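The next block holds one structure in the form of structure tokens; read it before the comments.
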């Protein structure tokens, strides 16, 4: 069963409001939580979901939330087929820990060239193995602030078992990391 923590929901909502994206890629869309949130903020946003589990796409009716749904692994994005895909915001909510660490690092380095911002929320010291027979739900890597030092980024926010960090992508934008941090600090 897909699950995304609610701990940083208000901050993520306000980050999306501040950034005003026209396009958003939701990696590991699960039940569509972040797609629904983005549509609530801007009903005309173009949403793309990446979801590895066909059952989740069907059971959570992801095509009714997203403009496009790609039934692939997040790491499958590192493929010439997707080199020209760009997004204002990429949401990586509670999925980076499901990837091998080396794959996650490669993915972040690939995505940073193809967006303005990456919003990353992930658990820390939260144990999870297979869920309902889905291997993709197992946590297999640990992430800390040291994993993001090569990126222009916000500080790493910590609350309970969750972590939040925002990475500035290489596509042009006028919002600063300081603006992001100021907004998060208002809500945390």
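Any read-out appearing in this document is the output of simple, stated calculations on the displayed coordinates, not a laboratory observation. As the structure is a computational prediction, the values presented were derived from the model and not from experiment. Backbone-built Cβ (ideal geometry, glycine too); neighbour counts: all protein chains shown.
Between residue 13 and residue 102, take the C-beta separation as r, use R0 = 25 Å, and let me know the FRET efficiency to the nearest 0.05.
Values: r = 32 Å, r/R0 = 1.27.
The formula returns an efficiency of 0.20 here.
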Over the Cα atoms of region 9-187 the radius of gyration and the largest Cα-Cα distance (Dmax), both in Å, equal 15.2, 44
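Okay, helix-only estimate at 222 nm for the chain: each DSSP H run of n ≥ 4 adds -39500 (n - 2.57), divide by all residues, round to 500 deg cm²/dmol; what do you get?
Values: 5 runs with 48 residues, N = 188.
After summing the helix terms and dividing by residue count, I get -7500 deg cm²/dmol.
May I ask you to sort 56, 113 by Cβ crowding, counting other Cβ atoms within 10 Å and putting the fewest first?
On the way: 56 23, 113 11.
So the residues, fewest neighbours to most, are 113, 56.
Counting DSSP beta bridges in the chain, what percent are antiparallel, to the nearest 5? Write out the running numbers ahead of the final one.
Numbers: 12 of 30 bridges.
Approximately 40 percent, going by the DSSP bridge assignments.
Regarding region 1-102, what's the average projected area of the Cα-atom convex hull, expressed in nm²? It would help to have the intermediate numbers written out before the result.
Details: hull surface 26.5 nm².
Over every viewing direction, the Cα hull of region 1-102 projects on average to 6.6 nm².
Evaluate the relative contact order of the chain (contact order divided by residue number), counting alpha-carbon pairs under 8 angstrom at least 6 apart; express in whole percent.
Details: 329 pairs, mean separation 40.5, N = 188.
Rounded, it is 22 percent for the chain.
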